[in-house]
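Please treat every number below as a calculation from the coordinates, not as lab data. Predicted model only: the values in this text are computed from it and were never measured. Glycine also receives a Cβ, built like all others from the backbone with ideal geometry; neighbour counts cover every protein chain displayed.
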Number of protein chains: 2
Amino acid sequence: MTPPATTPFVVNGRRYAPPARPAVVICLDGSSDEYLDAALDRGRMPHLQRMARDGYRGLARSALPSFTNVNNASIATGAPPAVHGIVGNYFYDAASGQEVMMNSPTFLRAETIFAAAARSGRRVAVVSAKEKLRKLLAQGLVGPEAPGVGGIAVSSEKAHEALVATHGIEDLERVVGLPTPPIYSGAASLYVLEAGVALLARQRADFLYLSTTDFIQHKFAPEAVEALEFYGGIDAALGRLLAQGAVVGLTADHGMNAKQHPGGGPNVIYLESALTQQFGPGFRVILPITDPYVAHHGALGSFAVVHLPPPGAAAPVRQWVSELAGVTEVYDRSTAARKLELPEDRLGDLVVLAGRDVVLGRTPEWHDLAAVAGGLRSHGGRYEEMVPFLLSEPLRPAYAARAAGDPRNFDIFDFVLNGTAL
Amino acid sequence: MTPPATTPFVVNGRRYAPPARPAVVICLDGSSDEYLDAALDRGRMPHLQRMARDGYRGLARSALPSFTNVNNASIATGAPPAVHGIVGNYFYDAASGQEVMMNSPTFLRAETIFAAAARSGRRVAVVSAKEKLRKLLAQGLVGPEAPGVGGIAVSSEKAHEALVATHGIEDLERVVGLPTPPIYSGAASLYVLEAGVALLARQRADFLYLSTTDFIQHKFAPEAVEALEFYGGIDAALGRLLAQGAVVGLTADHGMNAKQHPGGGPNVIYLESALTQQFGPGFRVILPITDPYVAHHGALGSFAVVHLPPPGAAAPVRQWVSELAGVTEVYDRSTAARKLELPEDRLGDLVVLAGRDVVLGRTPEWHDLAAVAGGLRSHGGRYEEMVPFLLSEPLRPAYAARAAGDPRNFDIFDFVLNGTAL
């Protein structure tokens, strides 16, 4: 077969010079470092332990809000949300006056590394767990709007629906050797990695992005048997990727924390209710974690956007919100855009972040708490910002220096393609 | 010998019911979780690994500013700085118009757990690396002002100076079996743990607080040979504590991050210079990390307090500082006191925090950068807030629930004394 192409390419102002080896980036959704620790301390991740010892292990800062699509878009583009435009799953489009899901690829304002790599000659495959994410990441890589690029983009959620014209491959279940898994499962994520192993083994791809889903992390603490089993499965697949000679980078989109009272029950600040009670009607609180997969989190996360009723004097509201116990940061629109690297036109008047064990809600009626009756673990704020950052190979000196500074999870392709001493 | 006393005691509003076993709390100064990870991944900390597996391992939130004395005072009192009054090593006393070191025990506003435990019948020993910290922690435990309490408080820095009247023990070098180590060394910290082992073995103490110094962490990254050797030594001493049947809790006062440009050289915002240039003279920037041990950090940390020139309009200065790249948070005095749980009367007009790889300085002339020419690693801000939190025993259900929420490093005595399922 042809060896992996090494033609350099530039995307979003960054230059990538891929090695003549398979390159794999894994994004473990919702994997705070504690999950790796719990599994490593119990000897359940020998391949990851080898990566940590022989390559590099540290922490990186994710993009805020610490949500899935925000960070997958950042990893895919190598850029912060101010560049790619994705600020969550859900936002208020002031132009149309509508609250809309942000899962259409048309919201993505930057080209992906995948499309650029494919055009430069790499055999690129993107595998996500969730179908909504697949659509975002497939932009410019495969499908009728990307003629001749020749990439693969599939999801485990809809593995059985993959078609050459739209996904770059079909008969995926046979290729992977496994049936389409249920989305509310650890299997949905293990399927992502097994698809990567199979695509690599069959030489269908030499440049892979494998992005799992955080069902297990939302439901189980790091030391839970179910989490340890899951990470054991991740490690086994990781071993099969490494055994094929791939350079592997592993990071996460965001962390995960328990968000409940010690006695049980979600620890929620119902921000729209509180604002209405204090200042009167007209407030609109947007929770960008909102998505169709409510069983994960009941639309409760640690980040919210507030749209003020007109004329909207932000300062007194900002001060009042900042004094609420459990609220950690409140920014006006332009400060949020600058400090958190967010696209100003997709924010509201205020941006609010909550503490390690606190989530922000809209009104009690708006949320279906039955979905999180067994316990709420969620993310979105500053305490889910730091994520693991591992490379299978030692770093070149310049990259070691950067890793010791303030590396971002969306630098992972730069590190995998340019940063390792091969 | 008498078994350890189990008489409950109350201090700073919290009740402690000690077990009939030796109880040991270790504070590993400047030990971000990455140090434990690097050593554990290389098999260098088998005893800590056993604690993580058979007891509990997680993360806890330290007190801000993430400095040594602030957090040692919090751990010693079980309370945030708003209660105990220690906000750093150094502050501007507006009453006297003087900048003063805060290392006199008279600045401590709350009783320590050590004094209360000793009065309730425990044989208490406090061992610190630095002498300045010993004096703070010895308050009410030993010395002429604590007659009849009968505690021990020694430092490795001045081990050879220990006297019964002032330290509760003498001939410490013979007891430990080691000469007084140099303070700028890993040995200064290992000596702390070995003193704990010896005091326990000789039945001189059954209730210990062992607080190391962060020379190694300031000088070496987690994966450096020197750090790995150091943590190997920590683990060996930990094993000797566990072998004596102690319940052990381990946490840290603060984390540690590289604070330099990728090309080398400290990444400093000289805040007093910048403010003077922008607004004119009269600004006083206080760096509470300032202490006599400059080789550690050159008085450069990620937290600063600003005193404005009279009449002191805080809002425009606050806005301007918050826009500086590398500054992450700026609070006025009362908001800082409330959000960061700090004593309002010991702050300035503004409190400023810096990013993961950024430190705040005063003026270029004020700092001796020769001390950190080899590289700057430091702490003080939000990115050094999260610290390891380990217990040698499984947690009772109520404490497991608290550990999963937002535990603080200064809850460690509560967890060790009340929280384990013995």
Candidates A:Gly381, A:Gly151, A:Gly326, ranked by Gaussian network fluctuation over chain A, Cα under 10 Å, top entry
A:Gly326
Assuming R0 = 22 Å, what is the FRET efficiency of B:Ala398 and A:Arg42, from their Cβ-Cβ distance, to the nearest 0.05?
0.35
With a ≥ b ≥ c taken as the square roots of the eigenvalues of the C-alpha gyration tensor of the protein assembly as shown, please select rounded if a/c is under 1.5 and otherwise prolate if a/b is larger than b/c or oblate if it is not?
prolate
At a Cα cut-off below 30 Å, give the lysines reachable from A:Lys132, other chains included and same-chain residues fewer than 8 away excluded.
A:Lys158, A:Lys219, A:Lys259, A:Lys339
Given the rule -39500 (n - 2.57) for each run of at least 4 DSSP H residues, summed and divided by the residues of the protein assembly as shown, what is its mean residue ellipticity at 222 nm, to the nearest 500 deg cm²/dmol?
-8500 deg cm²/dmol
Taking the Cα centre as origin and putting +1 on Lys and Arg beta-carbons and -1 on Asp and Glu beta-carbons, what dipole magnitude results for chain B, to the nearest 20 debye?
1040 debye
Show me, bin by bin at 5 Å from 0, the whole-percent P(r) of region A:218-267 based on Cα pairs.
4, 15, 17, 21, 16, 11, 7, 4, 4, 1
So what is the orientation-averaged projected area of region A:197-293, using the convex hull of its C-alpha atoms, in nm²?
9.9 nm²
Computed Rg/Rh of region B:250-385, alpha carbon atoms with Kirkwood Rh
0.95
How big is the dipole moment of the protein assembly as shown about its Cα centre under a simple scheme where the beta carbon of each Lys and Arg is +1, that of each Asp and Glu is -1, and everything else is neutral? Debye, nearest 20, please.
640 debye
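Report, in debye and to the nearest 20, how large the dipole of region A:276-373 comes out about its Cα centre when Lys and Arg carry +1 and Asp and Glu carry -1 on their Cβ.
It comes to approximately 140 debye.
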Compute the distance in nm between two label points, each set 7 Å from the Cα along the Cα-to-Cβ direction, one at B:Asp54 and one at A:Glu226.
2.9 nm
At most 12 other Cβ within 10 Å, DSSP loop - GluC sites (Glu not before Pro), region A:90-175:
A:Glu145
From the C-alpha coordinates alone, can you work out the Kirkwood hydrodynamic radius of region A:1-81, in Å?
15.4 Å
Enclosed volume per residue, in Å³, of the convex hull spanned by Cα atoms of region B:18-158:
140 Å³
For A:Ile152, residues with placed amide H under 5 Å, excluding near neighbours:
A:Val124, A:Ala125, A:Val126
Residue farthest toward the positive end of the dipole of chain A, with Cβ of Lys/Arg at +1 and Asp/Glu at -1: which of A:Val197, A:Ser302, A:Gly30?
A:Val197
Give me D for region B:172-229 in µm² s⁻¹, whole number, from Stokes-Einstein with Rh from the Kirkwood sum over alpha-carbon pairs, 25 °C and 0.890 mPa s.
198 µm²/s
Give the residue from B:Ser378, B:Val225, B:Tyr16 lying farthest towards the positive end of the charge dipole for the protein assembly as shown; charges sit on Cβ (+1 for Lys and Arg, -1 for Asp and Glu) and the dipole is referred to the Cα centre.
B:Val225
In sequence order, calculated HN-Hα J values of region A:121-138 (Karplus, 6.51, -1.76, 1.60; Hz; x Gly/Pro)
x, 7, 8, 9, 10, 10, 10, 10, 7, 8, 5, 4, 6, 4, 4, 5, 6, 7
Need one number: % antiparallel among DSSP beta bridges in chain A, to the nearest 5.
60 percent
How big is the C-alpha Rg of region B:129-256 next to the rule-of-thumb value 2.2 N^0.38 Å, as a ratio?
1.05
Working from the pairwise distances between different alpha carbons, so that the mean of 1/r is found and then inverted, what is chain A's Kirkwood radius in Å?
21.5 Å
Assuming 0.890 mPa s and 25 °C, estimate D for region B:111-196 with Stokes-Einstein, Rh taken as the Kirkwood radius over Cα pairs, in µm²/s.
194 µm²/s
When the distances between all Cα atoms of region B:375-422 are binned every 5 Å from zero, what whole-number percent does each bin get?
5, 19, 28, 19, 10, 9, 7, 3, 1
Ordered by residue, what ³J(HN,Hα) values in Hz, to whole numbers, does region B:261-267 give under the Karplus form 6.51 cos²θ - 1.76 cosθ + 1.60, where θ = phi - 60° and Gly and Pro are x?
5, x, x, x, x, x, 9
